[in-house]
Amino acid sequence: MPSSTSPAAAPYFEFRTADRVPETHVWSGPHNYPTVEATGRDDAVPVVDMSDDPAAVARAVARAAREWGGFLLVGHGVPAEVVARAQEQIARLFARPAPEKTRAARGPRDSGGYGVPPYALHFDRLMWSEGYTFPAAAVRHEFRRVWPDAGDEYERFCEVMEEYHREMRVVGGKLLDVFFRALGLTDEQIAGETERKVSDTLTATMHLNL
C-alpha cells in the first residue's frame, strides 16, 4: 500500500480490497475540508424543485447561487428507472479491477478520464471516491479504453450512458432557461443573441463518481 503523504503519489486506491487506509486518504480532523459547521452556518443545502412555478424556481436558483453557489435539484422529471439503470452501470464500472480502470487514467493535463478530479487536488488528502469524466458525445470511443475488446458489458454500459445523457440534455435545457431568468433576462433577450451564443459554445461533459 502507498505510504507517501503526497496525494499525487497515490491517485488510485483499491477501496474494496485494502486492509488499511493509506496516509494519502487519512483525514485527521473534521475541519480540514469545507463543512457547514466550519463556516458557522446551520442551514441546509438549498433544494430547488423544478416542478414549482417558473418564477419561483428562478428566484430560488438566484438565491441559492448568491448564498451557496449550488443547490440540490428535485422535480426534474428524469424517470427513476433511468437513474437506477445509470447508478447500476456506474457501480459496475467502478467495481472493475484497478488495472482495467487505469488504462483510462486522467493525465496531468487531461480534463477527462479516470482518477482524481482536479478540484480534489486542492486538499492535502485524497477523498474516498473514484471519478470518471468524459465527453458525452464520445462515450463509445472513450470507454473502449476500459473495454478494449468491447463486448456485452461495454455495449450495455454505453447504451445506459447514452440514455442517461438524453435525459440530462432535456434537464439541462430547462435549467439553462432557469439560469437566464434568474439573471433577469427577458424572453426577447433569451430568444435572441444570448441563446445563440450559448448554443454555439455548449458542450456536454459527464462526470461519474462513487
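What follows is calculated from the coordinates using simple rules that are stated; it is not laboratory data. None of these values were measured; they are calculated from a predicted model. No Cβ is skipped: glycine too gets one built from the backbone with ideal geometry, and neighbour counts run over all protein chains shown.
Within 10 Å of each candidate Cβ there may be at most 11 other Cβ atoms; applying that plus a DSSP loop requirement, which trypsin sites (Lys or Arg not before Pro) in segment 95-191 survive?
Of the trypsin sites (Lys or Arg not before Pro), the ones in loops of segment 95-191 whose Cβ has at most 11 other Cβ atoms within 10 Å are Arg109.
Among the chymotrypsin sites (Phe, Trp or Tyr not before Pro) in segment 44-94, which ones are in a DSSP loop with at most 15 other Cβ atoms within 10 Å of the Cβ? Mind listing them?
Answer by residue number: Trp68.
I need the calculated FRET efficiency for the pair Arg92 and Ala44, taking r as the beta carbon distance and R₀ as 30 Å, to the nearest 0.05.
Numbers: r = 32 Å, r/R0 = 1.06.
With a Förster radius of 30 Å, E is 0.40.
Test of understanding: what is the full-extension gain from Leu121 to Glu14, defined as 0.36 nm times their sequence separation minus their Cα-Cα distance?
36.7 nm
For a footprinting-style exposure proxy, rank Ser129, Ser51 by other Cβ within 10 Å, fewest first.
Fewest to most other Cβ atoms nearby, the residues stand as Ser51, Ser129.
According to a simple spin-label model (label point 7 Å from Cα along Cα-to-Cβ), what is the distance in nm between Glu163 and Leu210?
1.8 nm
So how compact is segment 89-210: Cα radius of gyration and Dmax in angstrom?
17.5, 53
What are the chymotrypsin sites (Phe, Trp or Tyr not before Pro) within segment 107-167 that DSSP puts in a loop, where the Cβ has at most 16 other Cβ atoms within 10 Å?
The qualifying sites are Phe123, Trp128.
Cut-off is 10 Å between beta-carbons; in what order do Thr133, Thr186 appear when sorted fewest neighbours first?
Numbers: Thr133 19, Thr186 11.
So the residues, fewest neighbours to most, are Thr186, Thr133.
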